Structure formats: structure tokens, C-alpha cells
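Sending over a structure as C-alpha cells; questions will come in a sec.
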Amino acid sequence: MRLATWNVNSIRTRADRVVAWLQRSDVDVLALQETKCRDDQFPESRFADLGYAVAHVGHSQWNGVAILSRIGLDDVEVGFPGQPGWGSADRPDPDTEARALGATCGGVRVWSLYVPNGRALTDPHYEYKLRWLAALRTTAAGWLTADPAAQVALVGDWNIAPQDEDVWDVRVFAASTHVSEPERAAFRAIVDAGYADVVRPHAPGPGVYTYWDYTQLRFPRREGMRIDFVLGSPALTARVGGARIDREERKGKGASDHAPVVVELTD
């Protein structure tokens, strides 16, 4: 089984590239983030023609997550239990953003996750990001308590660089989100709950990234960030036979600012 995740930064803009990549990569399950469209705008037929079933949740031109699978797409769940809506702790918004989508694909419970950006350390979105991650940790830990043998993949754009080597120059980000200790602690808490970063052992750093800003020639200058991850439960981690970051897909006209991350699972 080949599982991948990719922040496509607008599926309608990049449908041709995603279709071409799927044809080349022979991926069985692809989780997408930042689709930036409503459900009725998602180009589902393009992927159905390739044999993929599609689940998507999106409300507007912001956020949006999807799962494409050619090995089954069952028990689709929009949002994880306890997922907070946008807002401050004292004034939460009851509307849940389109940031989490789960489905069972070939016996693996796949969650496509688009963690809130946080924007700035003093922005209310930063506090929202930490609450969102804490809720995910609580729920994900509960899944393993209920079934220690569960095969769960938490995949997507985490908007966190958990180690200094995951940014091209940590000094540049000293007063920014993505590298702050509370964010990194929130990421570690999910790892400590039983979910391993299954890609890093096969694609070690430094200098290994999944995201490069469009501005200031970040990609050709190799000035990127590693913020897209596949975190696997113990049972899933035991099946990982390889992993890679498809940096080549960041090249060329019309590329997303993120690269796909691919994991190979043994039978």
C-alpha cells in the first residue's frame, strides 16, 4: 500500500498536476489539504476516472481537506471528536473549520489534517492552533487506548517545524510561529501519545523540506521548511518499508508551494 499526503494550495488550480502525479506515482491513497473549494466545486470526476473514490470537506476558498482512495473509502468522518471551532478560549466559534477528515482505506484509518497556521505569536489564531492540537492529541490518544492494534495515520500539513533542522535558518524564525516551544511541545505530545514520524528515518535532514515559500526564490535557494508529516500508530509504523518527499513536484509552472510526502506500507 502506498499512502501520500499533499497540501495542494487549491485543487481547482492544480487538478491537472495532481492527476498527472497520481498516474506517475501509483499511489493508493492520497490525503489533500488546502483544497480551497466547496464540496460542489471539487473536481471529483477527474479522480474517479482514475479509479479513486473521493471524500472532501470544504466550505469556501479557505482550508478544505480530502482523501482519495482506490482501495476503499469507508466510515468517512468530518472532523475529529472534540475538534474546536475557530475563536478564542473565552469566545469560541461553534463553526468547525474544514481541517480534518477521516476515512478507512484498506484497513488503515487515515486522517487528512490541516493544522491552523497560527499567523503570529500574539495572534488569537496562535492560541486556537494550540487548542486544536491539544484536542487532537486527546482524541488520538483515546483511539490507541481503545484499540492498541489500530492502524492509524495522522497525515497532512502540521504547520510546525518540530526540530531546528526542519527550517533552513532557525534564526530567521526566532520570533515566528511554526518553531515556538509551545507548538513543538504540542507536536511532541502527539508523538508521545504513540504516533511516530515515519518519514524522518527514511528522509533524514538537515536540508530536507516539504514547503518552500513562493517569494524570494526560496525554492531554488533551498530555503524551505519541513512541516508536512505522516505520524503513524505503532501498528502502522511497523508496516513502513520506506518513505520519501517528492521534491521534484515543487518544480515547474503551477506547482504548489508544498511537495507530496509518500509512505510505503508492507503487507
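The values are calculated or read from the model by the stated rules, or taken from the named source; none is laboratory data. Bear in mind the structure is a predicted one, so any value in this text is a computation, not a measurement. We place every Cβ from the backbone using ideal geometry, glycine too, and count neighbours over all the protein chains shown. We work out accessible area using only protein heavy atoms, side chains counted, and drop any ligands, DNA or RNA first. Shrake-Rupley method; radii C 1.70, N 1.55, O 1.52, S 1.80 Å.
Can you tell me which residue is most open to solvent (accessible area, probe 1.4 Å) among those in the stretch 171-198 that are assigned to a helix (DSSP H, G or I) and at pLDDT below 95?
If we take residues in the stretch 171-198 being assigned to a helix (DSSP H, G or I) and at pLDDT below 95, then R171 is most open to solvent (accessible area, probe 1.4 Å).
Moving on. I'm trying to understand the selection: among the residues of the stretch 26-38, which are out of contact with any helix residue (DSSP H, G or I) (no Cβ under 9 Å at 6 or more places or on another chain) and either basic (K, R) or open to solvent by less than 50 Å² (accessible area, probe 1.4 Å) (or both)?
Within the stretch 26-38, D28, V29, A31, Q33, R38 meet the criteria.
For residues that are of a type in the set (K, R) and part of a loop (DSSP other than H, G, I, E, B), scanning just the stretch 199-257, find the one that is least open to solvent (accessible area, probe 1.4 Å).
Among those residues, the one meeting the criterion is R226.
Looking at the stretch 29-49, is at least one residue over 11 Å from I67 (Cβ atoms), touching a Lys or Arg at 6+ places or on another chain (Cβ under 6 Å) and not hydrophobic (A, V, I, L, M, F, W, C)?
No, the conditions are met nowhere in the stretch 29-49.
Just for strands (runs of 3 or more DSSP E) wholly inside the stretch 39-128: which have at least 3 residues that are surrounded by 23 or more Cβ atoms within 10 Å (Cβ to Cβ)?
53-57, 65-69, 100-105, 108-114
So A140 clears everything in (1) under 20 Å from S60 (Cα atoms); (2) open to solvent by less than 30 Å² (accessible area, probe 1.4 Å); (3) not basic (K, R) except one condition, right? Which one?
Of (1) under 20 Å from S60 (Cα atoms); (2) open to solvent by less than 30 Å² (accessible area, probe 1.4 Å); (3) not basic (K, R), only one is false for A140: (1).
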